[in-house]
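The values are calculated or read from the model by the stated rules, or taken from the named source; none is laboratory data. Everything numeric here is computed off the predicted structure, so don't read it as measured data. Heads up, the Cβs are rebuilt from the backbone with ideal geometry, glycines too, and the neighbour counts pull from every protein chain shown.
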């Protein structure tokens with residue numbers, strides 16, 4: 001069989017995963033201990049060559065991530081696997097074979113295997129796989145699940161951490177001086193360090209600290225928990241969450257997903273939430289994740305307000321969001337990328353991208369000043385604001401100007 005080539009595509013629903021897909025493909029979102037793209041790479045045992053996604057994300061060049069590609073530019077060389085970015089596959093190696101086949105998860109169409117020389121699915125089919133003809137007739141059913149909305153990812157995340165740790169790190173490392181509660185595993189990457197006296201509770205699941213993680217006391221870690229490369233935990237209660245690489249966290253964090261490079265260096269509660277990259281939370285920033293009437297939480301989406309069916313839903317903060325000291329976020333709040341909210345007043349539950357202000361008094365963030373701030377923030381973590389990222393942020397600012405005008 002010729003070499004396998006892997007591509008991920010964002011279908012119509014994935015492209016509307018606000019506020020995150022304004023600035024990144026869904027495959028670059030963390031779930032459990034891996035990005036969705038990394039999970040597919042492990043299953044098919046090849047690197048992903050590219051994303052078929054929104055045209056506004058052309059030029060996406062985040063370090064370590066594949067580029068975006070046009071569907072018709074993939075060509076017909078090799079055996080091509082095109083997989084929905086919303087598909088969460090179990091970490092079992094798959095040999096796609098060299099025959100044309102549809103890929104399904106739980107009976108739901110999520111992709112195709114295209115043999116060498118054969119045409120790939122059309123852009124229309126990639127946007128809505130269930131509407132594609134049931135051709136080829138043969139389907140390969142893979143174990144896993146399909147995420148519908150961002151809050152479904154958050155709700156399923158703790159269980160995903162537990163299964164990931166079991167699949168990838170089947171060992172229990174020594175952690176001298178740690179107060180252990182429970183018999184679950186503590187898994188430490190190279191150079192990971194937990195100060196003596198830290199409490200680690202593994203009764204509900206394992207704790208995995210990736211390479212170079214440092215946990216300072218006093219702190220309590222509660223599994224299932226994944227902490228990504230180079231992150232520092234400065235204290236507090238951190239549990240049942242996925243914390244991406246190079247974050248600084250402190251305070252109370254529960255049932256949440258931080259995509260990476262998040263700065264939460266002070267006290268405050270973040271729960272049942274999802275935070276994009278380069279988010280900076282001012283001291284005592286806190287979100288509500290439960291309504292006083294104990295009713296299911298509704299969340300704004302580009303398709304309108306939707307009933308999540310969940311009693312606990314926190315906030316969703318896009319890339320490069322910043323909050324000031326004492327910011328309080330209501331249940332189910334969505335804050336668009338590039339926004340800066342401050343002043344101690346609760347903002348609306350829907351904050352358009354690149355908003356700037358206090359409480360309901362929001363105006364356009366100055367784009368030039370925003371980009372300078374983004375450059376400074378990234379340089380503090382030895383990262384550059386690349387030309388592709390700059391272009392995507394510029395286009396996002398332009399494309400969402402109408403939303404800010406309508407809601408100002």
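Candidates in region 227-250 are the residues that are part of a loop (DSSP other than H, G, I, E, B) and touching a helix residue (DSSP H, G or I) at 6+ places or on another chain (Cβ under 8 Å); of these, the one that is surrounded by the fewest Cβ atoms within 10 Å (Cβ to Cβ) is 240.
Let's see how each residue does on (1) surrounded by 21 or more Cβ atoms within 10 Å (Cβ to Cβ); (2) free of Cβ contacts under 8 Å to residues at least 40 places away in the same chain:
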{"residue": "157", "(1), (2)": "yes, no"}
{"residue": "180", "(1), (2)": "no, yes"}
{"residue": "203", "(1), (2)": "no, yes"}
{"residue": "216", "(1), (2)": "no, yes"}
{"residue": "221", "(1), (2)": "yes, yes"}
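Being part of a helix (DSSP H, G or I), at pLDDT 95 or above and either out of contact with any strand residue (DSSP E or B) (no Cβ under 9 Å at 6 or more places or on another chain) or surrounded by fewer than 23 Cβ atoms within 10 Å (Cβ to Cβ) (or both) is the requirement here; does residue 15 meet it? Spelling it out, residue 15 is indeed part of a helix (DSSP H, G or I), at pLDDT 95 or above and either out of contact with any strand residue (DSSP E or B) (no Cβ under 9 Å at 6 or more places or on another chain) or surrounded by fewer than 23 Cβ atoms within 10 Å (Cβ to Cβ) (or both). Inclusion of residue 175 among residues that are farther than 23 Å from residue 52 by Cα, touching a strand residue (DSSP E or B) at 6+ places or on another chain (Cβ under 7 Å) and surrounded by 19 or more Cβ atoms within 10 Å (Cβ to Cβ) is warranted. Among the residues of region 131-158, the one identified as over 27 Å from residue 221 (Cα atoms) and part of a helix (DSSP H, G or I) is 131. Each residue in region 328-355 was checked for being touching a residue at least 24 places away in the same chain (Cβ under 8 Å), in a loop (DSSP other than H, G, I, E, B), crowded, with 24+ Cβ neighbours inside 10 Å and out of contact with any helix residue (DSSP H, G or I) (no Cβ under 7 Å at 6 or more places or on another chain), and 4 of them qualify. Scanning region 64-76 for any residue that is in a helix (DSSP H, G or I) and either under 15 Å from residue 11 (Cα atoms) or at pLDDT 95 or above (or both) turns up at least one such residue. Among the residues of region 40-59, just one is under 8 Å from residue 8 (Cβ atoms) and assigned to a helix (DSSP H, G or I), namely 40. Are any residues in region 11-22 in contact with a helix residue (DSSP H, G or I) (Cβ under 6 Å, 6 or more places away or on another chain) and within 23 Å of residue 386 (Cα to Cα), and if so, which ones? Passing the criteria: 21, 22.
Meeting the requirement of 2 or more residues that are surrounded by fewer than 17 Cβ atoms within 10 Å (Cβ to Cβ) and on the phi < 0 side of the Ramachandran plot, the strands (runs of 3 or more DSSP E) wholly within region 251-308 are 304-307. Only one entry of 81, 52, 69, 94 meets the criterion of being under 30 Å from residue 375 (Cα atoms), over 20 Å from the mean Cα position of the chain (by Cα) and assigned by TED's automatic domain parsing to the domain that holds residue 14, and that entry is 69. Counting residues in region 117-125 that are part of a strand (DSSP E or B) and either assigned by TED's automatic domain parsing to the domain that holds residue 17 or in contact with a helix residue (DSSP H, G or I) (Cβ under 6 Å, 6 or more places away or on another chain) (or both) gives zero.
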